[in-house]
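The values are calculated or read from the model by the stated rules, or taken from the named source; none is laboratory data. Please read these numbers as outputs of a predicted model, since none were measured by experiment. Cβ sites come from the backbone with ideal geometry, for glycine too, and all protein chains shown count toward neighbours.
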There are 2 protein chains.
Amino acid sequence: MICVLTGGTGGAKFVDGLRQAMPAEEITLIVNTGDDLLWWGLYVSPDIDSITYVLSGMLSRERGWGVKGDTFLCLQAMGQLGEPTWFHTGDRDLAMHLLRSRLLAEGKTLSEATTVVSEKLGVKARVLPMSNSRVETRVDTPIGELSFEEYFVQRWYQDPVNSVRFAGATDAEPAPGVIEAIAAADAILIAPSNPITSIGPILAVPGIREALHRAHGKIAAISPIVGNAPVAGPAGILMAAQGLPCSIAGVAQAYEDFLDILICDTRDARAAEALRKSGLRVECTQTIMRSAEDKATLAREALSFVSSASLAGDEPRPRSTAFRRLDSQP
Amino acid sequence: MICVLTGGTGGAKFVDGLRQAMPAEEITLIVNTGDDLLWWGLYVSPDIDSITYVLSGMLSRERGWGVKGDTFLCLQAMGQLGEPTWFHTGDRDLAMHLLRSRLLAEGKTLSEATTVVSEKLGVKARVLPMSNSRVETRVDTPIGELSFEEYFVQRWYQDPVNSVRFAGATDAEPAPGVIEAIAAADAILIAPSNPITSIGPILAVPGIREALHRAHGKIAAISPIVGNAPVAGPAGILMAAQGLPCSIAGVAQAYEDFLDILICDTRDARAAEALRKSGLRVECTQTIMRSAEDKATLAREALSFVSSASLAGDEPRPRSTAFRRLDSQP
């Protein structure tokens, strides 16, 4: 059993590779819900949507989000009604939001709604929201505090970032199955997602970070940073705002209290060498995922790294409980 | 000022003519909401939608409902998710339901939500739901009691009908402005709508029928029945179930306690002659609306009939309070 912590488009790409590299039935995904938003009165969970679309083969690979071949006529009509249109929900995509919103309105939890949707779409991997509690990623900028989607989609991450917090995290609980999946996993993979706003909210849910400290499976993270820049999106700006360098060292630092293996791009071979001196196992491979084959190859490589580390009987790295709580703000 | 009681596709067609025949600002529409339903968790008000689409020039004249040129990709996707698809909501049409549902969820009344939508779409006529209370048309059939849309759309009105009732009507109140619009109207037109399930629910709201009894404006109904058959839909079956003949006499009977003028098709000239003996003013004209011109002509004719009756200074017909309460069931 493999457990994957994931969020964002990098996470979705990696999961697209993973489903080609191993039986979907053996994958449990713990998905960021910090980006969830009420949109047109509907509950939208962008990362759960992307993962569900990837796993059902529906994801638009061109856009990296939403349903392939989708149209946007409802969006256009909402614009004519004077409603906001900056968050692009396609006509086919709306079905997901309508069904989930109805299930939630009927009293189902986000976990239960996610399971219903997964079953309807024939998804064989297990998709778990990080929490059924509302945890909201809030980005503090000079123009005020924004939700993640406001910062990222509406404003094209153009605003300087003072800090990031995860509102509601203090009182949140991991969704059913999350702690158990981490405990039972033979290996735990941190997808090449933004460490601050895709993986950060997951780690901010009380109990999840502690479960990683106790995990018996090797924990490997794929770096979303190559050289001194993120492969895509605002990870660099957000890491800087949280006091982390935008480099593989910064990624290692974000996960330092539980990470066994950092997987980085071959272009970071020199930085990897330096990082190994800290005692961290660092593996280099081709991490840029352009084609379906790139994705599958990276997933196979990641699986092989954790598996060889396990076979090598590496001593577990000491797992610190004195980690920097990037997520400690209320 | 003209006040129109309307519902269904016949009503929408007539209103399409009326907006060509007179300034929209001078029309108040009192619209049936007995067909309203929760669909995919959204509040859908089919008759308010049709009237709003007619008045904003968005109605699909081919279908007689929904938005012209609409697509149905969300519907298709909902089918793939195992959700019901018998009620056809187009992708553009969904915007209306999403906006209204959000406004209602925010605590607005149906009247307020209707006004917001009207303003957004530049509708100049005044569109009033008959009531902000939930009044549900229920059709009793051998397979059980159905909502109107289940009976009409899902099951193609194939079931024998035992009776019709308007659940919730006893406790309902007319929406703000309804009673005032009837009182202030120079003429009141009953659209060529199904008397039982389109106009019936409006008349079932306590106070509306009484307001018609007190109205100073002439009240004219356009018959939706030509010969012994409805122009479209299940009006004949439903009238029979309520003990009314399927004829212009049946229409006159449905409205006997307040009707001044019945406008029927020229093909009903003989039946009209017979009906006049009861003292009712009966006018014959071309009532079948195929083209935009047909609709405008019928509207102009109807306006001219009420206007000449007013000028003729016809004595108001005695308005009975001893009418058959087709709507008296709880």
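Can you go through B:G17, B:G57, B:G90, B:G8 and tell me which one is surrounded by fewer than 16 Cβ atoms within 10 Å (Cβ to Cβ) and either out of contact with any strand residue (DSSP E or B) (no Cβ under 9 Å at 6 or more places or on another chain) or under 25 Å from B:E150 (Cβ atoms) (or both)?
On the way: B:G17 fails: surrounded by fewer than 16 Cβ atoms within 10 Å (Cβ to Cβ); B:G90 fails: surrounded by fewer than 16 Cβ atoms within 10 Å (Cβ to Cβ); B:G8 fails: surrounded by fewer than 16 Cβ atoms within 10 Å (Cβ to Cβ).
Only one candidate passes the filter, namely B:G57.
State whether the residues of segment A:37-46 include one that is of a type outside the set (V, I, T) and either within 20 Å of A:T297 (Cα to Cα) or in contact with a Gly (Cβ under 9 Å, 6 or more places away or on another chain) (or both). Scanning segment A:37-46 turns up at least one residue that is of a type outside the set (V, I, T) and either within 20 Å of A:T297 (Cα to Cα) or in contact with a Gly (Cβ under 9 Å, 6 or more places away or on another chain) (or both). Can you find a residue that is without any contact (Cβ under 8 Å) to a residue 24 or more places away in the chain and touching a strand residue (DSSP E or B) at 6+ places or on another chain (Cβ under 9 Å) anywhere in segment B:190-206? Looking for residues that are without any contact (Cβ under 8 Å) to a residue 24 or more places away in the chain and touching a strand residue (DSSP E or B) at 6+ places or on another chain (Cβ under 9 Å), one finds none in segment B:190-206, hence no.
What about A:F305, is it surrounded by 15 or more Cβ atoms within 10 Å (Cβ to Cβ), of a type in the set (F, W, Y), at pLDDT 90 or above and out of contact with any Ser or Thr (no Cβ under 7 Å at 6 or more places or on another chain)? For A:F305, the condition - surrounded by 15 or more Cβ atoms within 10 Å (Cβ to Cβ), of a type in the set (F, W, Y), at pLDDT 90 or above and out of contact with any Ser or Thr (no Cβ under 7 Å at 6 or more places or on another chain) - is met.
If you filter segment A:61-71 down to residues that are buried (at least 17 other Cβ atoms within 10 Å of the Cβ) and facing chain B (nearest Cβ under 9 Å), you find that the one that is farthest from B:G66 (Cα to Cα) is A:V67. Considering only residues that are closer than 26 Å to B:P201 by Cα and of a type in the set (A, V, I, L, M), look in segment B:288-302 and name the one that is surrounded by the fewest Cβ atoms within 10 Å (Cβ to Cβ). Looking at residues that are closer than 26 Å to B:P201 by Cα and of a type in the set (A, V, I, L, M), I get B:I288. Strands (runs of 3 or more DSSP E) fully within segment B:85-164 that include at least 3 residues being more than 10 Å from chain A (Cβ to nearest Cβ) and β-branched (V, I, T): B:136-141.
Could you say which residue among A:D35, A:D70 is out of contact with any Lys or Arg (no Cβ under 7 Å at 6 or more places or on another chain), assigned to a loop (DSSP other than H, G, I, E, B) and not basic (K, R)?
Details: A:D70 fails: out of contact with any Lys or Arg (no Cβ under 7 Å at 6 or more places or on another chain).
Checking each option against the conditions leaves just A:D35.
Answer yes if at least one residue in segment B:5-22 is part of a loop (DSSP other than H, G, I, E, B), over 21 Å from B:T89 (Cβ atoms) and touching a residue at least 60 places away in the same chain (Cβ under 8 Å), and no otherwise. Walk me through how you get there before you give the answer.
Residues of segment B:5-22 that are part of a loop (DSSP other than H, G, I, E, B), as a first pass: B:7, B:22.
Adding the requirement that they be over 21 Å from B:T89 (Cβ atoms) leaves B:22.
Imposing the further condition that a residue be touching a residue at least 60 places away in the same chain (Cβ under 8 Å) reduces the set to B:22.
Looking through segment B:5-22, at least one residue is part of a loop (DSSP other than H, G, I, E, B), over 21 Å from B:T89 (Cβ atoms) and touching a residue at least 60 places away in the same chain (Cβ under 8 Å).
Taken residue by residue, segment B:42-51 has no member that is among the aromatic types (F, W, Y) and within 30 Å of B:S291 (Cα to Cα). Applying a threshold of 7 Å to beta carbon distances and a minimum spacing of six or more residues, or different chains, the list of pairs starting in segment A:149-160 at a residue that is more than 21 Å from A:W40 (Cβ to Cβ) and ending at one that is at pLDDT 90 or above and hydroxyl-bearing (S, T, Y) reads A:Y157/A:Y151; A:D159/A:T141; A:D159/A:Y151; A:P160/A:T141. Take the conditions of a type in the set (K, R) and closer than 29 Å to B:D186 by Cα and apply them to B:K68. Does it pass? In short, no.
Within segment B:264-287, restricting attention to residues that are part of a loop (DSSP other than H, G, I, E, B) and in contact with a strand residue (DSSP E or B) (Cβ under 9 Å, 6 or more places away or on another chain), the residue that is surrounded by the fewest Cβ atoms within 10 Å (Cβ to Cβ) is B:Q286. Could you tell me whether A:G64 is out of contact with any Pro (no Cβ under 9 Å at 6 or more places or on another chain), among the small types (G, A, S) and modelled with pLDDT under 95? When the stated conditions are applied, A:G64 passes them. Against the conditions (1) touching a Phe, Trp or Tyr at 6+ places or on another chain (Cβ under 8 Å); (2) exposed (fewer than 15 other Cβ atoms within 10 Å of the Cβ); (3) of a type outside the set (A, V, I, L, M, F, W, C), B:E180 satisfies every one except (1). Is there a residue being basic (K, R) and either surrounded by fewer than 17 Cβ atoms within 10 Å (Cβ to Cβ) or under 18 Å from the mean Cα position of the chain (by Cα) (or both) anywhere in segment A:156-165? Yes, because at least one residue in segment A:156-165 is basic (K, R) and either surrounded by fewer than 17 Cβ atoms within 10 Å (Cβ to Cβ) or under 18 Å from the mean Cα position of the chain (by Cα) (or both).
Can you go through A:C3, A:C74 and tell me which one is within 14 Å of chain B (Cβ to nearest Cβ) and of a type outside the set (S, T, Y)? Spell out how you get there, then give the answer.
Numbers: A:C3 fails: within 14 Å of chain B (Cβ to nearest Cβ).
Answer to the check: A:C74.
Look through segment B:227-238, keep the residues that are hydrophobic (A, V, I, L, M, F, W, C) and within 16 Å of B:I190 (Cα to Cα), and return whichever of them is surrounded by the most Cβ atoms within 10 Å (Cβ to Cβ).
Of all residues in segment B:227-238, those hydrophobic (A, V, I, L, M, F, W, C) come to B:229, B:231-232, B:235, B:237-238.
Retained after the next criterion (residues that are within 16 Å of B:I190 (Cα to Cα)): B:231, B:235.
Working: B:V231: 17, B:A235: 28.
If we take residues in segment B:227-238 being hydrophobic (A, V, I, L, M, F, W, C) and within 16 Å of B:I190 (Cα to Cα), then B:A235 is surrounded by the most Cβ atoms within 10 Å (Cβ to Cβ).
When segment B:199-229 is filtered for residues that are closer than 19 Å to B:A299 by Cα and not in a loop (DSSP other than H, G, I, E, B), the ones remaining, listed by number, are B:I199, B:K218, B:I219, B:A220, B:A221, B:I222, B:I225, B:V226.
Search segment A:146-179 for residues being polar (S, T, N, Q) and within 19 Å of A:W39 (Cα to Cα), and hand back the single one that is modelled with the highest pLDDT.
Initially, segment A:146-179 is screened for residues polar (S, T, N, Q), giving A:147, A:154, A:158, A:162-163, A:170.
Going one step further and asking which of them are within 19 Å of A:W39 (Cα to Cα), we end up with A:147, A:154.
Details: A:S147: 94, A:Q154: 89.
Going through the qualifying residues, I end up with A:S147.
Would you check if there is a residue in segment B:39-56 being in a loop (DSSP other than H, G, I, E, B), more than 14 Å from chain A (Cβ to nearest Cβ) and touching a helix residue (DSSP H, G or I) at 6+ places or on another chain (Cβ under 6 Å)? No, because not a single residue in segment B:39-56 is in a loop (DSSP other than H, G, I, E, B), more than 14 Å from chain A (Cβ to nearest Cβ) and touching a helix residue (DSSP H, G or I) at 6+ places or on another chain (Cβ under 6 Å).
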